[in-house]
Every structure is written in C-alpha cells, then in structure tokens.
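Presented below is the structure to which this report refers.
The values are calculated or read from the model by the stated rules, or taken from the named source; none is laboratory data. Everything numeric here is computed off the predicted structure, so don't read it as measured data. Neighbour counts are summed over all protein chains in view; Cβ atoms, including those assigned to glycine, are modelled from backbone coordinates with ideal geometry. In case anyone asks, the SASA skips ligands and DNA or RNA and just uses the protein heavy atoms, side chains included. Shrake-Rupley method; radii C 1.70, N 1.55, O 1.52, S 1.80 Å.
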Amino acid sequence: MITCSILDDIDNLYRPENHYTIVLYPGVEKYETLNNVLKSLAMELRKLKEEGFKDNQNVEWKVELYFSSDWKFLAMCLGLNAANSRYFCPWCEVSKEQQGDFSYEWTISKTMDQIREDYTFYKGHIRPAIFDMIPLQHWVPDELHIMLRITDVLWRLVLDELRSRNTWGERARNVIIEEMKRIDVKFHFWLEIGSTNWQYTSLMGQDKLVVLQHFDLSKLFPYSRAVQIRSLWDKFYLLHKAMKDSKTDATQFSNDARAWLHQFLDSNYFYQASDITPYMHVLVYHIPEMMRIHHNFGLAAFSCSAVEKKNHQQVSHFFKRTTKDGGTGKGRKSAIIDILEYENRLLYFKEHDEIDSMQLPKRLRVK
Ligand SMILES: [Zn+2]
C-alpha cells in the first residue's frame, strides 16, 4: 500500500484517515512489479514537483515531496539491495564491516542526482531508483520501524544469551510467560511440527514498548547482568521517545545514541559488532542529521504509525472474509476495489456540499 498525506497538516498526520491510499495491490513486494505499478505515479510526481499544483481557486502551490516507509520497501524503491547485504545504507557508503568502528563519521553522502545519473556509482545499488524525483535527504527513516526492529534484536539477544548461559529451557519459558502476564502482555511460545526451535508471539508496537520498559530481567539473569541489560533497554526507550519529540536537541541526541551503541558493544562480550543492525546504524548516524534537516516538521511527522493503523483497519474490515479462506484471487481483488471506492467516496464528500445534508458513510470497524 502506498498512501499520501499533506505534511503541512501536521496536527492531523497521526490520523489514519488523513493518509490517502493511492496504490494498493495484493502481490508480493518485488522491484519489477512495483516499478511497473508505480510508473504512472512516478510520472505524476515528477510533473507535480516541476510544475506545482493549481487548486480549484487558481491558487498555485509549490510541492515538495518526501518519502517514508519500512526498510524493505524503501530499499526497493531506491534500487538498493537487501538490508543484510554488505552495502546496505540508503544514505551513506558504510559497509557491514565498518559498523562497529567508531572512528568513521557517517553522514548523508549519497545524492539522488548521482543515483539518477548512474546508480552503479554507489555500491549496493542494483537498479534505478523508482522515485528519483525525491531528493535523498527527503527519504526520512521511520521511527516506528526503528523501534520495532531494534526491540526485536534486543529481545532475541536476551534469548540467545539464555541459551549461551545454558539457562534456556522450560523454566526460562515459564518465567517469561509469567512475567509477560504480570505486565499484561499476551505472549506465548510454541513448537512447530518437526522443528526444535521455539517460536514466540510477535508483539505489536505498544506491547513492545511495555516490555522494553517494564519486563523484569532479574528473573532471568544474575542481578548485575540484569541491571546492565535493563540500562541498555531503558536508554533505547528514551532514545526512541526523544526521536519523536520535535524539541529534542540533535547534538544531544547524537551523543546519547553513540553512547548507547558503545554500551551495547560493551556488554561483557555478549553482544558483538556483528549484532549491530542497519536500523542501529541509522539511529546513531542518520537520525541526528535528519532531525536537523527536518526540524520544522519533527521526525514524528514522517512516522509510518498512522499508515500501519490504516492497513490494520483495512485488513480487519475489508479482507476479513477473504483472509479466512486464505484469500482467493477474486475475493482479494474485490476487497481492494471496495477499499479504493470507499476512500474515493470520502474524498468526494469532503469536497462537496452534499456532506451537510447526507449521512457520512459508516466508519471502519476496528477489531
Ligand atoms: Zn549510513
């Protein structure tokens, strides 16, 4: 799903209904498909950027374009290879091996002009960028996915450490389940048939924040180690909070984020430089710079949170029938038309006076 919204309407950006669905398709995310599907959109965006926009009262508007999404989609639209590749960063030329080396100062060094001229100039770029009319400084990292994915890593490292301490087993799993109950987070473990790897509930954003703040690690680790991990989690929680706060001082944030990464690597050798993920690199090196560039909006304005909510609403309302039976081609297609027609009706009524004399379409029901 691709949505657009008006960044200047900053007070309403957190509302899913202020993000308008412009592209929706049920297939897998794949460059070739996207490039095809998005061709006409890209042409319109190019025109919009060059010529601006004239509204129905003949007022001319200059349009600045911005882009935000999760990593996979962003990398794909940029023509960049996958996040686990050697050259993974959309904004700078860091390599995997250089991630734990603090002697480098990574800033936004790539430019869209260069990518447009010759994308092979930068290592890791394997295809032309789809949205090459948006300057790279306007491709803004999303706070939600930074929080989700880094929290995933912190949690996985806890489980890995239990394994390496030989304290992973039935008892540890019960302790975790009890502790999750205490902090009111629905969580369970299960074994898939034929596998010996324990799977566990993938938590939603709000639950992840609760775990990050309140999970009592001393129930799993020796006290001194629990204090270390707790400190790392607390500091990450505060970094995420600061990232969303438009009043945060970028220099202070940069120092705090660096100190956090130092602390991450200084965890009694439990965490290695190879545990640093692309999102951590972005948090430490590019978020402070993005804060400075976009200080008039604040990074929270670029959050995908409202779009994720919108997606959840669409899935629970329109796809309910079709996802139950696995979603046959026909069912999925009609659900997509339903969604787009629903949104078109909303837009129509927004622009027409009949809105006063008619009842609004029923709101989406959120489960
Ligand atoms: Zn970078």
- Note on the structure: Just one listed residue, out of 225, 230, is assigned to a helix (DSSP H, G or I), within 30 Å of residue 170 (Cα to Cα), modelled with pLDDT of 95 or more and over 21 Å from the mean Cα position of the chain (by Cα), and it is 230
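Has the range 212-220 got at least one residue that is within 26 Å of residue 281 (Cα to Cα), open to solvent by 70 Å² or more (accessible area, probe 1.4 Å) and more than 21 Å from the chain's Cα centre (by Cα)? I'd like the intermediate steps shown before the answer.
Start the filter on the range 212-220 by keeping residues that are within 26 Å of residue 281 (Cα to Cα), which leaves 212-215, 217.
Then drop every residue that is not open to solvent by 70 Å² or more (accessible area, probe 1.4 Å), which leaves 214.
Of the ones still in play, those that are also more than 21 Å from the chain's Cα centre (by Cα) are 214.
Looking through the range 212-220, at least one residue is within 26 Å of residue 281 (Cα to Cα), open to solvent by 70 Å² or more (accessible area, probe 1.4 Å) and more than 21 Å from the chain's Cα centre (by Cα).
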- Item | Condition met for residue 22 (hydrophobic (A, V, I, L, M, F, W, C), open to solvent by 60 Å² or more (accessible area, probe 1.4 Å) and either in the same structural domain as residue 347 (by TED's automatic domain parsing) or more than 16 Å from the ligand (Cβ to nearest atom) (or both)) | yes
- Message: Can you tell me which of (1) touching a residue at least 40 places away in the same chain (Cβ under 8 Å); (2) assigned to a helix (DSSP H, G or I); (3) under 22 Å from the mean Cα position of the chain (by Cα) is the one residue 262 doesn't meet?
- Response: (3)
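Results for (1) among the polar types (S, T, N, Q); (2) in contact with a Lys or Arg (Cβ under 6 Å, 6 or more places away or on another chain), shown as yes or no for each residue.
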{"site": "81", "(1), (2)": "yes, no"}
{"site": "84", "(1), (2)": "yes, no"}
{"site": "95", "(1), (2)": "yes, yes"}
{"site": "101", "(1), (2)": "no, no"}
{"site": "108", "(1), (2)": "no, no"}
{"site": "114", "(1), (2)": "yes, no"}
{"site": "118", "(1), (2)": "no, no"}
{"site": "121", "(1), (2)": "no, no"}
- Message: Criterion first (touching a residue at least 40 places away in the same chain (Cβ under 8 Å), at positive phi and more than 18 Å from the chain's Cα centre (by Cα)) does residue 124 satisfy it?
- Response: yes
- Determine whether the range 120-135 contains at least one residue that is more than 13 Å from the ligand (Cβ to nearest atom) and of a type in the set (S, T, N, Q). yes
- Within the range 25-47, track down each residue that is within 19 Å of the chain's Cα centre (by Cα) and open to solvent by 80 Å² or more (accessible area, probe 1.4 Å). 28, 30
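So, of the residues in the range 52-83 that are within 15 Å of the ligand (Cβ to nearest atom) and touching a residue at least 24 places away in the same chain (Cβ under 8 Å), which turns out to be nearest to residue 136 (Cα to Cα)?
Initial filter on the range 52-83 (within 15 Å of the ligand (Cβ to nearest atom)): 71, 74-75, 78, 80-81, 83.
Those left that are additionally touching a residue at least 24 places away in the same chain (Cβ under 8 Å): 71, 74, 78, 80-81, 83.
Numbers: 71: 14, 74: 11, 78: 9, 80: 13, 81: 16, 83: 17 Å.
This residue is 78.
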